[in-house]
Structures are given as structure tokens and as C-alpha cells.
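The values are calculated or read from the model by the stated rules, or taken from the named source; none is laboratory data. It should be emphasised that the depicted structure is a prediction, and the values quoted were computed from it without experimental measurement. For neighbour counting, all protein chains shown are included, and Cβ atoms are generated from backbone atoms with ideal geometry for every residue, glycine included.
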Amino acid sequence: MITTQLREGLKKWLAGVGILHLAALGLLLRITAYIVLPPSDYVLYSDSGLYMYYGRAILSGAKTSVVGVMPIYPVIIALMGDYEYIRALDILISTATIVVAYKLADAVFASRSVAMLSALITAAYPLLIFFSLKAMTEPLYIFLLLLSMLFFYEKRISAGSVCMALSLLVRSLLSLLAPLIVFVFSYVTHRCSLKQSLANTIRYLAVYVVLLAPWWTYHYVVHGYFAGAQENAGAMVFLGTISVGGTFETTPEPRQLREFLEDHEKAQTDPLERDRALFIRALGSIRENPGNYGRLLALKLVYFWKPWPTGALRKYTIFVLMSYGPVLLFFFIFLIRDFGRQWKSVLPMVMIVAYFALMHVILIAGTRYRQPIEPFLIILASYSVIDISRRFRAGRCIEDIAAERMKATG
């Protein structure tokens, strides 16, 4: 009786709560975290200072030794000039992501219940709140990535292509996968013809070239070489052969990488040459000790998915376990129980999740690098929760009807 009353009460509450109420809740939680948490808990990491330095260099046209950093977020930081303003902007962007998560879940599953649960979890999710205070790329990148996916689900290919390309100007990891994502949306999810699907993919590539061409041109004029999507891939692969986590959760860069970079800095080696040398060195390390590298890959796989935090987040272990833990559990339940029925609708999201996991097992793994896919985990986990709840209620109703019929005929 109490369970039924609680369930009905929750149902009525959700029916009366709009998405703007949940967005207001998310904003309140983020502002509260900013006020309540001690400054030492969200002190700026080295990346934030690097973004400011690089953004100022871009605006002034100065040549730097920075590689592998995309321009949008550093330029925003440099233009705003004050980290407090940056945090305020990131909090607003993180709050807007709640609305996008709601609309994305509704677009995928056509279920207000799934959408509301997804938005509620996104609003109160500790890791999303935490990273909205860091003056780092996560809030903006997650917002643009989710917005691009929403537009693709709504068949707004041009708008989705613009947002996807802009997200790559924040973080470039999905550069290689993005064209395939557009094709899968068209051919599998929306069941377009092969000709139309290829046309949509070409449209995305055209948008990608138009939006990234100014950055490529600037980089070539200032630095003298073409800025590819993964210009520091060699450094990342090398770091992935000697380390599990990145600088966010472990000690500073491993000594081997730091000494290598310092030697090449003194020799004024071309950045592309330096990156190629690191890539060759990484391949040599893998060939020399494949067993150790295999063990490192397995360890990074666990490190990427683990539900307990390390480093600066360790003191908030209970909050992370109570939020990410259930999300991870119901995400895997979705893959086992629901993916076979929903695969055409959710394939683009699952592809992004799998791609991030694979790339960060090869490169470096950690809580920060998992953040961009956690909204997708939340949406898929929410579907499983709602569907299991509905089926449970349906089963109870059938049992009650059967019991009443037995009484009537008894």
C-alpha cells in the first residue's frame, strides 16, 4: 500500500513538474556547489591555465609550443579574462544541457517519463555539477555534442553538422567517427536511401571543412604546418603505453614523457616530428613488451568504467557511487535486455560510447575522459528503469485481475 501510494505520488509530482523546473533545480544545485564546496576542491587544474595562455596566443597571433588543443574554449577564456566569469558561463551551459538531455531522450524514445528521468538525473548528477566548476572544456563540449545528436535525431542534418563541427573545435576526438555517425543516423535510424544517406554525409563533411578551414589556415600561417584532427596523437599513444590515467587523477606527466618533451623543446624540434618520434617510440615499447601492454589495456578498461573515483574526487566517493553506480548498472542492463529491440534508434549513441571507451583504453583513461558519454549512459539507463517499472506494474495488474477473478468464481 505504501509503495503504491509513493509511486502514485511520484507519478503526480513528475506530471506537474516541467523541464524548466528541473533546469532551475540543476542551476540551484550548481550555484550551491560553487558556494558550499571549499575552493580547494575545484581549484583550477593546469589545463585551465593552458587554455588561458593558448587563447591569448591565438588572439595575438603569437607562435607557441602548444599542440593538440582546439581553439574555441581557449579563445572564450581569453576573451572573458576572469575565471569567475568562465565558471558562471560553464554553469549556465551545464544547466542548458539538462534541457537538451530531456529533448534528446524524448526524441529517441518518444517517452516523457524517460525524458523527465533523464533530465532529473542530469540536473542532480554530481560529476556534471563538479565539472561545471572547473573552467575546463567538458560543459561546452557535452552541450554541443548532445545538441548535435538532438538535431540529427530530428533530421535537421545541417544544424546537427554545425554543432558537431563546433564540438570538434572544442575537443577533436570524434573527428574520425563523426562522418560515420551521420551516415548511420540517415541509413539506419531514419531509414533513408543509400543515396540520401551519402548525400547527408557529404553535407556534414562540407560543413566540417567550412567551419574548420579558418583554424587550419590560422595554424598553417602562424605555426607553419597543418593542424590535423589529432596532431598530438603520438604523445597520447606514448602516454597510454606508460600510464593509466591522465594528469587530472594522477601525478604530473610521467618522467619519461616529460624528459622527452624537454629534450625536444631544447632542440627546437618541429612539433610534427616530435609527435611522430613519440608514436614510433610507443610502437617500439609495445613490440618489446606486448604482455605488459596487454595488462595495461585491461587495467585502463577497468579504470575507464570504474564506479569509484580517485584523485580530487576521492572524498566524494559516496556521491559518485550513488549516482554513476546505478547509471552504469542500468546502462549494462539496457545493453543486455533492450538493445536488441531498440538498436536502430540508439545505435549512434552506443557507437559514441564504444568509441570513447576504445580510444581511452588505447590512450589514457579516467573519470574526466568518461564525462562526455555519461549523458548518453543516463538516457539509456533511464529507459531501462522506466521500462522495467512499467512491465512490473503491468505484471502486478494482471496478478490482481487474476486474483479478483478467482475470488469471484471461488
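Just one of (1) assigned to a helix (DSSP H, G or I); (2) crowded, with 16+ Cβ neighbours inside 10 Å fails for residue 301. It is (2).
Is at least one residue of the stretch 100-119 of a type in the set (Asp, Glu), in a loop (DSSP other than H, G, I, E, B) and more than 17 Å from the chain's Cα centre (by Cα)? No, that holds for no residue. In the set 268, 256, only one residue is surrounded by fewer than 15 Cβ atoms within 10 Å (Cβ to Cβ) and at pLDDT below 75; that residue is 268. Of the candidates 180, 194, the single residue that is of a type in the set (A, V, I, L, M, F, W, C), modelled with pLDDT of 80 or more, within 30 Å of residue 298 (Cα to Cα) and loosely packed, with under 15 Cβ neighbours inside 10 Å is 180.
Among residues belonging to the stretch 293-308 that are free of Cβ contacts under 8 Å to residues at least 60 places away in the same chain and either touching a helix residue (DSSP H, G or I) at 6+ places or on another chain (Cβ under 6 Å) or of a type in the set (Lys, Arg) (or both), point out the one that is farthest from residue 127 (Cα to Cα). Among them, the one singled out is 293.
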